[in-house]
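Data first, discussion second: the structure below is written as structure tokens.
The values are calculated or read from the model by the stated rules, or taken from the named source; none is laboratory data. Here the structure is a predicted model, which means the values were calculated and not measured. Heads up, the Cβs are rebuilt from the backbone with ideal geometry, glycines too, and the neighbour counts pull from every protein chain shown. SASA here: full protein model, heavy atoms, side chains in, ligands and nucleic acids out. Shrake-Rupley method; radii C 1.70, N 1.55, O 1.52, S 1.80 Å.
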Amino acid sequence: MEFAAGPSVRMSLAIATAELRDAGCDTPRLDAELLLADALGATRTQLHLAPERELTLAESDRFAELLRRRRAREPVAYLLGMRAFRHIELAVDPRVLVPRPETELLVEVALGLPRGARVADVGTGSGAVALALKHERPDLEVIATDASEDALAIARANARALRLDVTFAHGDLLAPLDRDPLDAVLSNPPYVADRAELPPELAHEPGPALFAGPDGLDVLRRLVPAAAARAPFVAFEVGAGQAGAVGELLRRAGMRVELHSDLAGIERVVVGRR
Ligand SMILES: C[S@@+](CC[C@H](N)C(=O)[O-])C[C@H]1O[C@@H](n2cnc3c(N)ncnc32)[C@H](O)[C@@H]1O
């Protein structure tokens, strides 16, 4: 039998928020609420409705362990094992990049593809782009590739859990795709410069998902011409300041270029059309 023995929800959140702020977390209150809700098996709304509820010893221990890991700057998504992306929830762990809100733009630019189009998502990670697109456009044929077998295991499990029919293939960039025509290639490839100064959370994410040479463009330099040669519509997520160089690669490949900015005003998705 468990006895209520710990501090209240209100007190736990106040202490945790202060600790996470001291540890340098950007959103300490939100993180504290998400982790406490997880430790209690509750929702954030339930926390707000019962601020005086006392934690049991077991709940306090679970919350303390989550806080310890978050203070070490493990991403909240890894601690919860889940991340929301557009209208779906994806299981994530340190074998895959945590899907980012700005990547939702990559899905958005593809929503206007013609009915039944055949689309490849290169470097699918958790399956975020491929699965969100299939969820919103079930008529599309979606194929997803990754160089990491670990990532593909997670992406396949996400596809099964979401009951989405996406084909997965292992290998370098477009190499695992068959020779049948493609209507579109989408990719959020690694684009971080090798020696960039990064928030501590990124140290917990897989290096091959992030880094691409001295200027971050090593993968895009190979991928852009290869994708442009395969499909009349291509779209790539890029890092801040990379849109010009990637647009130029597309123009050289004979494509018209459009740039799409994210909510922070950064040119984030480069689209090429023929
Ligand atoms: C930035 S992550 C993007 C993951 C996911 N698409 C997302 O947006 O959350 C890049 C992904 O590309 C994969 N990758 C890196 N180099 C690759 C290559 N040469 N060929 C195929 N996939 C690659 C990594 O394993 C990683 O899953």
Yes or no: the range 214-237 includes at least one residue that is over 20 Å from Val109 (Cα atoms), outside the structural domain of Thr27 (by TED's automatic domain parsing) and either buried (at least 23 other Cβ atoms within 10 Å of the Cβ) or touching a strand residue (DSSP E or B) at 6+ places or on another chain (Cβ under 7 Å) (or both).
yes
What are the pairs, 6+ residues apart or on separate chains, where a residue within the range 7-22 that is without any contact (Cβ under 8 Å) to a residue 40 or more places away in the chain and under 14 Å from Leu35 (Cβ atoms) has its Cβ under 8 Å from a residue that is open to solvent by 60 Å² or more (accessible area, probe 1.4 Å) and assigned to a helix (DSSP H, G or I)?
Leu13/Arg29; Thr17/Arg29
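Hey, among Leu182, Leu113, Leu174, Leu198, which residue is part of a loop (DSSP other than H, G, I, E, B) and farther than 22 Å from Leu223 by Cα? Break it down stepwise before answering.
Numbers: Leu182 fails: farther than 22 Å from Leu223 by Cα; Leu113 fails: farther than 22 Å from Leu223 by Cα; Leu174 fails: farther than 22 Å from Leu223 by Cα.
Of the residues listed, the single one that is part of a loop (DSSP other than H, G, I, E, B) and farther than 22 Å from Leu223 by Cα is Leu198.
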Wholly inside the range 43-101, strands (runs of 3 or more DSSP E) that include 1 or more residues that are open to solvent by 70 Å² or more (accessible area, probe 1.4 Å) and among the basic types (Lys, Arg) are 82-85
Criterion: near the ligand (Cβ under 7 Å from one of its atoms), among the aliphatic types (A, V, I, L, M) and in a helix (DSSP H, G or I) - qualifying residue of Ala151, Ala161:
Ala151
